[in-house]
Amino acid sequence: MKKLISLLLAVVLIGCTFAACGSNDATNSDSDLAYIKDKGTLVVGITEYAPMNYKEEGSTEWTGFDTEYAQKVAEKLGVKAEFVVIDWDNKYTELDAKSIDCIWNGMTITDEGKLNASITDPYVHNAQVVVMAKDKLAQYPDAASMKDLKFAVENGSAGAEVAAEEGFENVTPVLDQSTALMEVSSGSADACIIDITMANSMTGEGTSYANYGYQVQLREEEYGIACRKNSDLVAEINKITDELMADGTMDQLAEKYQLTLI
């Protein structure tokens, strides 16, 4: 009888050991942060978008506010930031499939974003603006006067959302905001709706689009970083951002790229 009891106790103890191990494995597998640290890379989904993520002429390396910001966060995580160009319209699919670990590209915080991902605290002010040839600005002082214009917008973007809200009917979705701007300069569109951060960086005197500008802002917004739903990476990025704010790093980046921090 004693041998039988001892045998049963041994089986129970072995079962408990396996259960505990299984519990720990489940906990680790649920940690996005552990997953990222284990593979040694933070894969960042982006589009080419100055001044957030772009390449200087002749360079193969990414630069920009969000690029440097992501690199500094990755450094504090003990991993390397890797930048991957994505189709913006499929950004949440890429995130869920683990093709990328976060969307970090001047991403406007929206209800759709909150539904499909977990998003960090906002870090930069933004607005959607209507860019067109400077000599046409006076003819279109508000959204109501623009109803008959041909617009280009980035597919799946805040600009596309605002175009729908304003009731603009002649709207062509394109790959990214840079392409939307090119559509205007080529004459394929009368105007485009893009982020004010890009408009300030890429239009006006001293830029490739010196004869283009904006005067109408359609909606004020805030940028955030999207991670997988319920990811523990969100809290860690928020924590590191607070550290970068405290030591002046974020202020230096904002001044360098002429952005307004939250």
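The values are calculated or read from the model by the stated rules, or taken from the named source; none is laboratory data. All figures in this text were calculated on a predicted structure; none of them were measured in a lab. Because the Cβ atoms are built from the backbone with ideal geometry, glycine has one as well, and the counts that use them run over all protein chains shown. These accessible areas exclude ligands, DNA and RNA; they are computed on the full protein's heavy atoms, side chains included. Shrake-Rupley method; radii C 1.70, N 1.55, O 1.52, S 1.80 Å.
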Exercise for the section: Only Lys, Arg, Asp and Glu count, each charged at its Cβ (+1, +1, -1, -1), so figure out the dipole size of the chain about its Cα centre, rounded to 20 debye. Expected result: 1140 debye
Completion exercise
When the chain is treated as a Gaussian network with springs between alpha carbons less than 10 Å apart, the largest mean-square fluctuation among Ala138, Ala127, Ala152 is found at Ala138
Exercise for the section: Please work out the average accessible area per residue across the range 54-112, using the 1.4 Å probe convention, and give it in Å². Expected result: 48 Å²
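When you have a sec, figure out the Kirkwood radius of the range 83-157 from all distinct Cα pair distances and drop it here in Å to one decimal?
Details: mean 1/r = 0.0661 Å⁻¹.
With all distinct Cα pairs of the range 83-157 included, I get 15.1 Å.
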Completion exercise
Which residues qualify? For Glu222, with a placed amide H closer than 5 Å and at least 5 residues away or on another chain, they are Ile109, Asn126
Problem - Heavy-atom accessible area per residue - the range 130-183, 1.4 Å, Å² - result: 48 Å²
Exercise for the section: Compute the distribution of all C-alpha to C-alpha distances in the chain, in bins of 5 Å from 0, and list the percent of pairs in each, rounded to whole numbers. Expected result: 1, 6, 12, 16, 16, 13, 10, 7, 5, 3, 2, 2, 2, 1, 1, 1, 1, 0, 0, 0
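Over the residues of the range 33-120, compute the C-alpha Rg and express it relative to 2.2 N^0.38 Å. Don't jump to the answer; show the numbers that get you there.
Working: Rg = 12.8 Å, N = 88, 2.2 N^0.38 = 12.1 Å.
Normalised Cα radius of gyration, the range 33-120: 1.06.
What part of the accessible area of the range 118-262, given as a whole %, is carbon or sulfur when the probe is 1.4 angstrom?
Details: 2950 of 6710 Å².
Whole-percent figure for carbon plus sulfur exposure: 44.
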Handout entry: Kirkwood-type radius of the range 101-195, with distances r between different C-alpha atoms, in Å
Key = 14.1 Å
Completion exercise
The pairs in Lys114/Lys239; Lys72/Lys150; Lys76/Lys114; Lys91/Lys136; Lys80/Lys239 lying past 29 Å Cα-Cα in this model are Lys72/Lys150; Lys91/Lys136
Fill in the blank from the handout: Note on the chain, DSSP bridge orientation, antiparallel percent to nearest 5 equals 60 percent
Completion exercise
Expected sort for 70-77, 197-204 on mean C-beta neighbours within 10 Å, highest first, is 197-204, 70-77
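So what is the 222 nm mean residue ellipticity for the chain from helices alone, if each DSSP H run of at least 4 adds -39500 (n - 2.57) and you divide by all residues, rounding to the nearest 500 deg cm²/dmol? All intermediate terms of the calculation are to be shown ahead of the outcome.
On the way: 10 runs with 109 residues, N = 262.
About -12500 deg cm²/dmol.
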